[in-house]
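Data block below; observations after.
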Amino acid sequence: MTKTELIAISQPRSPVAEAYRTLRTNVEFAGRGALHTLEVASPEPDPEKSLAIANLAAVTAQSGKKVILVDADMRRPNQHEIFGLPNDEGLSSLLPSGSNLKPVWQESGVDGLWVLTSGPELPTNPADLIDSPRMTEVIEFLEEHADAVFFDVPPVIAVADAALLAAKVDGVLLAVRAGKTKREQAMQAKSFLEKAQANILGAFLLDSPGSAGLKGYY
């Protein structure tokens, strides 16, 4: 697998990299120092959202924190491809009842950032696994080993996974795409998250006109 170039690492002085650092700061302010677990979700399927959370995790690690990025999309996972990592062990390896909790996250190539891929098996019941007490145990285990834990999830509107996990983490960011995400979709996603009693920190815009030619958040 080929590692995707993260703009926050490859072009650290670019406007996009600076925008990610601004987003990181805003998230920290919103969490008031108590934000350890963060979900980044999108209303509809959007691979750019997965790349955005990878960049956000990278700039957070650059600030001196130990970060674990979790691919909690056990339907169409992306993070192992973004970082060019094997997916022999991962989140799905930890979720079965009775399995040992062990550090199966991998080095990302970015100092301070580790990646817990989705795992080798795509379960038939990912929403049930996300909603289980075992998932809560896994989250607590991850928190013991990192300063910040970020979760990449399936689209909010399509399946229940994102809303179910949102109820278990400290905060949620909603990624919306300029010129693509419809207002109705964004409002519906917000409604789903609110019903789950999620702590919605806010939204950020992907591919705004100001980032022409550069991928990610601006």
Item checked: Ranking of THR117, THR25 by count of other Cβ atoms within 10 Å, fewest first -> THR25, THR117
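In deg cm²/dmol, rounded to 500, what helix-only [θ] at 222 nm does the chain give when every DSSP H run of at least 4 residues adds -39500 (n - 2.57) and the total is split over its residues?
Numbers: 9 runs with 81 residues, N = 218.
Computed ellipticity for the chain at 222 nm equals -10500 deg cm²/dmol.
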Item checked: Label assignment, Cα Rg over 2.2 N^0.38 Å derived from the structure, set (1) 1.33; (2) 0.93; (3) 1.24 -> (2)
Notebook entry, point to check: Relative contact order (percent) for segment 7-211, with alpha-carbon contacts under 8 angstrom and 6 or more residues of separation?
Noted result: 28 percent
Check: Assigning unit charges at the beta carbon (Lys, Arg +1; Asp, Glu -1) and nothing else, what dipole magnitude in debye, to the nearest 20, does the chain show about its Cα centre?
Finding: 680 debye
Next item on the list: Can you find, among ALA17, SER63, ILE53, the residue farthest towards the positive end of the dipole of the chain? Put +1 on the C-beta of Lys and Arg, -1 on that of Asp and Glu.
Entry: ALA17
Check: Picking from ALA166, ALA178, ALA146, which is most flexible by a Gaussian network model of the chain using Cα springs under 10 Å?
Finding: ALA178
Notebook entry, point to check: Among MET187, MET135, which comes first, second and so on when ranked by fewest other beta-carbon atoms within 10 Å?
Noted result: MET187, MET135
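Can you put LYS49, LYS182, LYS190 in order, fewest other beta carbons within 10 Å first? Provide the component values of the computation, followed by the final result.
Details: LYS49 27, LYS182 12, LYS190 17.
By the 10 Å Cβ count, ascending: LYS182, LYS190, LYS49.
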Check: So for the chain: antiparallel DSSP bridges make up what percent, rounded to the nearest 5?
Finding: 10 percent
Note to self: Using the basic label-point model (7 angstrom from Cα toward the beta carbon), what is the ASP88 to GLU137 distance in nanometres?
What the structure shows: 2.5 nm
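Rule-based calculations on the coordinates, nothing more; no lab input. Keep in mind that what you see is a predicted model, and the values were worked out from it rather than measured. Virtual Cβ from ideal backbone geometry, glycine too; neighbours counted across all protein chains shown.
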